1. Checking the structure you have, find out if any residue of the stretch 204-212 is at pLDDT 95 or above, more than 21 Å from Q273 (Cβ to Cβ) and crowded, with 21+ Cβ neighbours inside 10 Å.
2. Would you check which residues across the stretch 445-459 are crowded, with 16+ Cβ neighbours inside 10 Å and free of Cβ contacts under 8 Å to residues at least 40 places away in the same chain and list them?
3. Taking the stretch 371-411, which residues are assigned to a loop (DSSP other than H, G, I, E, B), within 22 Å of the chain's Cα centre (by Cα) and at pLDDT below 95?
4. Quick check: anything in the stretch 304-317 open to solvent by 20 Å² or more (accessible area, probe 1.4 Å), free of Cβ contacts under 8 Å to residues at least 60 places away in the same chain and in contact with a Ser or Thr (Cβ under 8 Å, 6 or more places away or on another chain)?
5. If F204 meets every condition in (1) part of a loop (DSSP other than H, G, I, E, B); (2) over 23 Å from D362 (Cβ atoms) apart from one, which number is that one?
6. Report yes if some residue within the stretch 233-252 is closer than 19 Å to K146 by Cα, of a type in the set (D, E, K, R), crowded, with 24+ Cβ neighbours inside 10 Å and modelled with pLDDT of 95 or more; otherwise report no.
7. Please enumerate the residues belonging to the stretch 68-118 that are free of Cβ contacts under 8 Å to residues at least 60 places away in the same chain and open to solvent by less than 10 Å² (accessible area, probe 1.4 Å).
8. Taking the residues in the stretch 468-508 that are more than 19 Å from T185 (Cα to Cα) and of a type in the set (A, V, I, L, M) as candidates, determine which candidate is nearest to the chain's Cα centre (by Cα).
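The values are calculated or read from the model by the stated rules, or taken from the named source; none is laboratory data. None of the values given here were measured: they were computed from a predicted structure. Because the Cβ atoms are built from the backbone with ideal geometry, glycine has one as well, and the counts that use them run over all protein chains shown. Just the protein is used for accessible areas: all its heavy atoms, side chains included, with ligands, DNA and RNA removed. Shrake-Rupley method; radii C 1.70, N 1.55, O 1.52, S 1.80 Å.
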Amino acid sequence: MLTVTGETLNGVSTEQTKMPGGKHQSCLWIILLTFGVRQTVDAKPPNIIFMVADDLGWNDVGFNNPDIISPNLNKLAAEGVILNQSYVQPVCTPSRNAFLSGYYPFRSGLQHMVILPQQAVCAPLNRTFLPQELKKLGYATHAVGKWHLGFCNWNCTPTFRGFDTFYGFYNGQEDYYAYEVLNATDFRDNTVLNISQKGIYSTFVYQERLREIVANHDTSLPLFLYLPFQSVHEPLQVPDEYKKMYPNLKTDGRRTFSGMVTAMDNLIGNLTQFIKEKGMYDDTLFIFTADNGGWTQFYGNNFPLRGGKVTVWEGGTRAAAFLHGWGLQKTGSRYNGMMHAVDWFPTIITAAGGEVKDKDIDGMSMWEAISTFGPSPRTEFIYNLDNSSLPLQGHAAIRQGDFKLIKGFPGLYSGWYPPDQEYDPQSDLEAYSNMLKYQDIRGIARLYNVKDDPTEHVDLAKQMPDVVQRLEERLNDYMRQYVPPNFPANDPAGNPNNFHGAWTPGWC
């Protein structure tokens with residue numbers, strides 16, 4: 001940092017700039033000052049690799065669970081900063097919107113479940129996306145993997161929202177070998193339908209595209225890679241050699257799921273090697289996060305946290321996450337400061353040397369706090385706010401300091417689920433039978449101290465009615481910004497039969 005009035009100037013003591021007799025060498029001072037400013041102005045921003053694992057649980061990575069084979073993730077995390085309290089949304093689309101826009105989903109109409117293939121919906125086009133801001137800072141921008149932010153109009157798709165290139169699929173889940181969603185093709189090389197890789201496990205295909213992107217990158221420009229991995233979302237598919245790495249697991253589903261994690265980890269290890277071979281490693285900031293908790297029904301696991309994907313319990317919303325590399329001043333530690341998905345947008349822009357112009361966003365830049373291991377500026381966030389009568393949600397949750405308030409139905413899978421067991425949605429009979437009864441944010445209130453009770457065993461609502469009231473009033477404040485869910489019925493115009501059996505934009 002440049003300090004003109006203090007004791008140092010770019011590491012040079014001000015005493016060294018004095019002539020005998022105490023007079024300052026003004027010319028040397030000006031030279032040093034100018035040099036310091038030019039260092040700041042001329043420094044190239046870091047390369048940034050933003051990795052998002054799909055449906056990865058808290059207990060599904062080696063740095064939280066030694067039974068998982070993920071040596072590359074473990075190494076990056078151990079040499080970086082692991083985030084102990086980094087929160088996301090309960091499901092895919094809302095988290096991705098938060099990452100790329102900096103806005104809460106309830107202010108975008110995307111708080112209810114996910115965008116379905118034939119819904120005429122996409123992330124609001126009046127919001128600037130992260131790659132659009134990074135383009136202004138001189139970045140080359142590429143996206144590889146799953147989009148899931150809407151595609152009914154071409155303007156909704158990645159190459160119209162700031163990415164130089166896109167390689168992947170538009171919908172929310174896809175067969176790893178057939179590249180199909182609901183028996184219709186969904187895979188794009190930029191805007192062009194591409195099915196030439198059918199039959200090859202998609203993780204390997206993504207890896208080869210990443211090799212090409214890095215090899216062809218002009219290193220005079222900073223690189224932004226957004227990698228919303230297909231892994232480890234169902235369907236559960238992985239080559240046998242990865243599945244066989246887990247002979248001690250008793251359920252076939254957990255063996256397959258764990259193998260999918262290891263296959264993804266191998267991709268990340270190879271990507272890291274590509275970056276090193278290109279001479280970019282020391283100038284690269286790696287960011288890794290899940291988009292929501294593991295889906296218990298499909299063998300994702302969040303134990304000992306409560307709940308999982310589709311719930312506002314900690315197991316559905318507290319993400320496995322870390323940063324590694326460029327700009328981090330203290331590493332090899334776990335950071336306990338609070339962070340939310342909306343914070344990645346301003347955090348990445350700040351790390352890139354930019355300034356967030358939109359003062360209306362919900363995100364806060366966490367870059368200074370995390371890079372210096374200082375206190376988090378965030379003291380409060382919304383888990384989700386869905387005041388609709390649509391199925392499966394109808395809930396609200398807020399955290400303020402150590403306290404978390406849940407109103408309405410938290411979501412299916414409201415228990416605690418050790419790994420390597422079979423779970424069925426209806427096995428949680430209390431949650432299932434009470435789904436409609438509690439599906440109203442005016443309904444039952446639950447209160448937890450998630451610092452002292454991170455596994456949410458002790459409901460404090462009856463003991464602390466004053467805290468409940470305070471947090472309910474805060475939820476009411478947020479309701480003033482509430483946008484109703486944009487969750488229409490399927491539109492027959494989007495049927496892939498209208499487009500030769502492929503999911504295709506241009507119908508809304």
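1. no
2. Hit for the stretch 445-459 is D453, nothing else.
3. Passing the criteria: Q393, P410, G411.
4. Within the stretch 304-317, not a single residue is open to solvent by 20 Å² or more (accessible area, probe 1.4 Å), free of Cβ contacts under 8 Å to residues at least 60 places away in the same chain and in contact with a Ser or Thr (Cβ under 8 Å, 6 or more places away or on another chain).
5. Evaluating F204 over (1) part of a loop (DSSP other than H, G, I, E, B); (2) over 23 Å from D362 (Cβ atoms) leaves (1) as the failure.
6. Of the residues in the stretch 233-252, the ones closer than 19 Å to K146 by Cα are 233-238.
So of that shortlist, the ones also of a type in the set (D, E, K, R) come out as 234.
Keeping just the survivors that are crowded, with 24+ Cβ neighbours inside 10 Å gives none.
The answer is no, given that none of the residues of the stretch 233-252 is closer than 19 Å to K146 by Cα, of a type in the set (D, E, K, R), crowded, with 24+ Cβ neighbours inside 10 Å and modelled with pLDDT of 95 or more.
7. Selection gives N97 alone.
8. That would be V483.
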